[in-house]
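Trainee: Just passing along the structure, written as structure tokens.
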Amino acid sequence: MMGGNWGKVLKVDLTNRTVEEEAIPEEHYRDFLGGSGLAAKWFFDHRGWEAEPLSPENPLMIMNGPLSGTNYPGVSRLEVCARSPLTGIWGEASMGGHFSPQLKRTGYDGIVVLGASEKPVYLYVTDEGAEIRDASHLWGKDTYETEELLKQEVGDKRAQVVCIGPAGENLVKFANVINDRGSTAGRCGMGAVMGYKRLKAVVARGDRKFPVADEAGFKAARDKMSEALKFSMVAEGLHAFGSNVHMEYGMAIGDVPTKNWREAYWAEGPEKLGGTTVAETILTRTHSCFGCPIACKRIVEIKEGPYRMEEGPGSEYEAAAALGTLQRMDSMEANHKANELCNRYGMDVISCGSVIAYATEAFEAGLIKESDTGGLRLGWNQPDTVLELIKRIAFREGIGDEMAEGVRSMSRKYGGEEFAIHVKGLECPMHDPRALWGMALTYATSIRGACHCADANLYVELGLLNHNELGVKRSWPYRAKGKAAQTVASQKKGVIANSAVICEYAWNAAGGSLAEMAEALRTLTGFPYTVEELARVGDRIWYIKRAIGNLCGATREDDRLPRRILEPHLEGVTSSLHLAVFPQFMSMVPMGKLRVERVKETTASLMKKYLFPNMDKILTSLNKLPVFSARGKRLERKDPEEIRRKTVAFEEMLEEYYRLRDIDEKGRPSRRRLEELGLKDVADALHG
């Protein structure tokens, strides 16, 4: 018997107000795992690309993976998938929190929502069945209020809620879906899909226990993962400072976008907005998703002042950058208030911050005028303006109505496409390809548009991960050679993470081993996964998603990046810290063998007392040191200024990537490659 899954999903038709079960063939689980992989298979089989994003026919899929709901570390996540109203192509978003295990215990592997209701509704799912209930009294409520009211209404504090806020109701193209206040399915506008369907929320509560193929074997795999996390420097850093642990180092290497990607280095940014500062000032406690030993989430409180905020979720790295450094805004309190508003209204912080930064630069360039903004003057480091624009976007008031369509739409109307930073219509995450060249390929070739979660390149580029078990060497910083092969390998792992489903922080903090993942899935499901077979599953899922993108209209011409994030910064230069120190340092830190005691106090002290105040002296000294490879070979040191002002060799990397992926001149996977992976039906649909 197959373990880890129930073999069925709940199918809901809101137009006809019907609820039924749909069986999923066992081979689909074996070949596509679950999560976004299984969602892509269902979407393809039902010709989902023929539906417009905001239409009753567009299926909204809330999908668990086989690992969901188990006690394996980091498996609190689920995937929300549909055709994206922001990009027009395949959309998916990953969410942590506590909803996933409750959904798993209802006896379903996911929910597929079709149709659209005439009035607001919510879906209540238990292990006894599901029902569509009226939500008129919840329409207009923010996500915090909605979650609290629904838990009261169903009379069970253990029930979990995913919901939308006013942004989703108003069809903001980058509206998100929220659970547990601060856990979001943030990207691609899945909240707008729910809003169009008039689906305010889904509530889940279950007690069923799903089967495990080999309980003793799965327990051993779980214990191995848990032990690795106990001795992981990455896990320690995430626990101490949250995902915003990256701010200090990221700024030093030029990886933190500042002033709409114009400025290379802003020393005050990390000092005002970084994870160490948050930990020393407004942090009240940490918080974890279901069953996660890392507890990377921040709970903060701002007790007084214009940005007063009750205790609640704090900014993660993407929010600290998109609603902070990207605006060159140095108020930590205003940044957290902006993050809270986005959570309450239900909006993706990356897209929201990006469209505000675009509008600010367009205003300064004279493309957007005061007559367009209703008299509001836009500018850098204007916290109150940022907060006002967030509100206007959520409620589509004034210029907020246009900003709610995203940067691609805004730039087509007002101009300034060179500083509208997106790929395929999805605004870029807060990692700069000029610092980490692999991210250029990551953004350009990601299925859903600019995305840092669909592959493991970020972790590899930072020296935290390798692909040795796939026979792929890690490519060095600022070099094109090897980046394509590295990206292909990274994408295999990324789609497995989003289909299994597991948090990339947890998996990669423990080493990101495919062998250990194969062991966990083999003992859980009973399918005979090996490293080779799991890599093949990763390829199969990636190629079916790529084909879906093609069927939605994406071509090779869409695999492009704005020149701004490939060419040297317009203002300032970065340090050479990345080339001089980090790859060598991380090569000496084997995951699972180094226990970092008191990392919070030590790291904060080092950064505050020594790193930033003495950055110029440190870099001058580092630039005089020899550089060695991981095997001890002395390397030629290039002029740091030459490295820092270098244009990313994007075209060279992309052509090699196309060759490895067997992508034709139209951007389609070849028929041969698809058929090798058992995707003949996909090849027929794509190539006729």
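Trainee: Given the conditions (1) outside any loop (DSSP other than H, G, I, E, B); (2) in contact with a Leu (Cβ under 8 Å, 6 or more places away or on another chain); (3) open to solvent by less than 10 Å² (accessible area, probe 1.4 Å), which single one is not true for GLU131?
Mentor: (3)
Trainee: Still on this structure, please answer the following. Can you pull out every residue in segment 447-462 that is in a loop (DSSP other than H, G, I, E, B) and open to solvent by 10 Å² or more (accessible area, probe 1.4 Å)? I'd like the intermediate steps shown before the answer.
Mentor: Taking segment 447-462 and keeping what is in a loop (DSSP other than H, G, I, E, B), we get 447-456, 462.
Passing the criteria: ILE447, ARG448, HIS452, CYS453, ALA454, LEU462.
Per-residue answers, yes or no, for (1) part of a helix (DSSP H, G or I); (2) among the hydroxyl-bearing types (Ser, Thr, Tyr); (3) touching a Leu at 6+ places or on another chain (Cβ under 7 Å); (4) open to solvent by less than 10 Å² (accessible area, probe 1.4 Å):
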{"residue": "GLY512", "(1), (2), (3), (4)": "no, no, yes, yes"}
{"residue": "MET517", "(1), (2), (3), (4)": "yes, no, yes, yes"}
{"residue": "ARG522", "(1), (2), (3), (4)": "yes, no, no, no"}
{"residue": "TYR529", "(1), (2), (3), (4)": "no, yes, yes, yes"}
{"residue": "GLU533", "(1), (2), (3), (4)": "yes, no, no, no"}
{"residue": "VAL537", "(1), (2), (3), (4)": "yes, no, yes, yes"}
{"residue": "ILE541", "(1), (2), (3), (4)": "yes, no, no, yes"}
{"residue": "LYS545", "(1), (2), (3), (4)": "yes, no, no, yes"}
{"residue": "ILE548", "(1), (2), (3), (4)": "yes, no, no, yes"}
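Trainee: Oh, and also: Going by the structure shown, is ASN244 of a type outside the set (Ser, Thr, Tyr), crowded, with 24+ Cβ neighbours inside 10 Å and assigned to a loop (DSSP other than H, G, I, E, B)? So that I can check it myself, show each step before the final result.
Mentor: On the way: of a type outside the set (Ser, Thr, Tyr): yes; crowded, with 24+ Cβ neighbours inside 10 Å: yes; assigned to a loop (DSSP other than H, G, I, E, B): no.
Considered against the rule, which asks whether it is of a type outside the set (Ser, Thr, Tyr), crowded, with 24+ Cβ neighbours inside 10 Å and assigned to a loop (DSSP other than H, G, I, E, B), ASN244 comes out as no.
Trainee: If you take just the strands (runs of 3 or more DSSP E) that sit entirely in segment 266-331, which of them hold at least 1 residues that are in contact with a helix residue (DSSP H, G or I) (Cβ under 6 Å, 6 or more places away or on another chain)?
Mentor: Values: elements: 283-287, 297-302, 309-313.
Of the strands (runs of 3 or more DSSP E) lying wholly inside segment 266-331, those with at least 1 residues that are in contact with a helix residue (DSSP H, G or I) (Cβ under 6 Å, 6 or more places away or on another chain) span 297-302, 309-313.
Trainee: Tell me, please, whether a residue that is over 26 Å from ILE496 (Cβ atoms), of a type in the set (Asp, Glu) and surrounded by fewer than 22 Cβ atoms within 10 Å (Cβ to Cβ) can be found in segment 465-473. Don't jump to the end; show me each part of the working.
Mentor: Here is the first cut: in segment 465-473, the residues over 26 Å from ILE496 (Cβ atoms) are none.
No, every residue in segment 465-473 fails to be over 26 Å from ILE496 (Cβ atoms), of a type in the set (Asp, Glu) and surrounded by fewer than 22 Cβ atoms within 10 Å (Cβ to Cβ).
Trainee: Suppose we keep only residues that are surrounded by 24 or more Cβ atoms within 10 Å (Cβ to Cβ) and within 17 Å of ASN508 (Cα to Cα) within segment 474-487. Which one would you say is nearest to the chain's Cα centre (by Cα)?
Mentor: Per the stated criteria, the residue is THR487.
Trainee: Given the conditions (1) touching a residue at least 40 places away in the same chain (Cβ under 8 Å); (2) surrounded by 24 or more Cβ atoms within 10 Å (Cβ to Cβ), report the number of the one that ARG205 does not fulfil.
Mentor: (2)
Residue-by-condition table, conditions (1) open to solvent by less than 30 Å² (accessible area, probe 1.4 Å); (2) touching a Pro at 6+ places or on another chain (Cβ under 9 Å); (3) under 25 Å from ALA510 (Cβ atoms):
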{"site": "MET251", "(1), (2), (3)": "yes, yes, no"}
{"site": "THR258", "(1), (2), (3)": "yes, no, no"}
{"site": "ALA264", "(1), (2), (3)": "yes, yes, no"}
{"site": "LYS272", "(1), (2), (3)": "no, no, no"}
{"site": "ALA321", "(1), (2), (3)": "yes, yes, no"}
{"site": "SER331", "(1), (2), (3)": "yes, yes, no"}
{"site": "LYS337", "(1), (2), (3)": "no, yes, no"}
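Trainee: So which residues in segment 1-29 are open to solvent by 70 Å² or more (accessible area, probe 1.4 Å) and not in a loop (DSSP other than H, G, I, E, B), if there are any at all? Working first, answer last.
Mentor: Residues of segment 1-29 that are open to solvent by 70 Å² or more (accessible area, probe 1.4 Å), as a first pass: 1, 15-17, 20-21, 23, 26-27.
Matches in segment 1-29: GLU20, GLU21, ALA23, GLU26, GLU27.
Trainee: Here's another thing I want to ask about it. Say we look at segment 383-433 and pick out the residues that are farther than 30 Å from TYR459 by Cα and aromatic (Phe, Trp, Tyr); which of these is most open to solvent (accessible area, probe 1.4 Å)?
Mentor: That would be PHE395.
Trainee: Only one of these is more than 18 Å from the chain's Cα centre (by Cα), under 29 Å from ALA420 (Cβ atoms) and touching a residue at least 12 places away in the same chain (Cβ under 8 Å): GLU248, GLU280, GLU311. Name it. Full working, then the answer.
Mentor: Values: GLU280 fails: under 29 Å from ALA420 (Cβ atoms); GLU311 fails: under 29 Å from ALA420 (Cβ atoms).
Residue meeting the stated conditions: GLU248.
Trainee: Residues to consider are THR284, THR276; find the one that is open to solvent by 30 Å² or more (accessible area, probe 1.4 Å) and at negative phi. Write out each step before concluding.
Mentor: On the way: THR276 fails: open to solvent by 30 Å² or more (accessible area, probe 1.4 Å).
It is THR284.
Trainee: Identify, please: which residue in segment 671-688 is open to solvent by 20 Å² or more (accessible area, probe 1.4 Å) and assigned to a loop (DSSP other than H, G, I, E, B) and is, among those, farthest from TYR543 (Cα to Cα)?
Mentor: Within segment 671-688, the match that is farthest from TYR543 (Cα to Cα) is GLY688.
The values are calculated or read from the model by the stated rules, or taken from the named source; none is laboratory data. Owing to the predicted nature of the structure, the values given are computational and were not obtained by experimental measurement. As a convention, Cβ positions derive from the backbone with ideal geometry for all residues, glycine included, and neighbour counts pool all protein chains shown. Heads up: the accessible areas ignore ligands, DNA and RNA and are worked out on the full protein's heavy atoms, side chains in. Shrake-Rupley method; radii C 1.70, N 1.55, O 1.52, S 1.80 Å.
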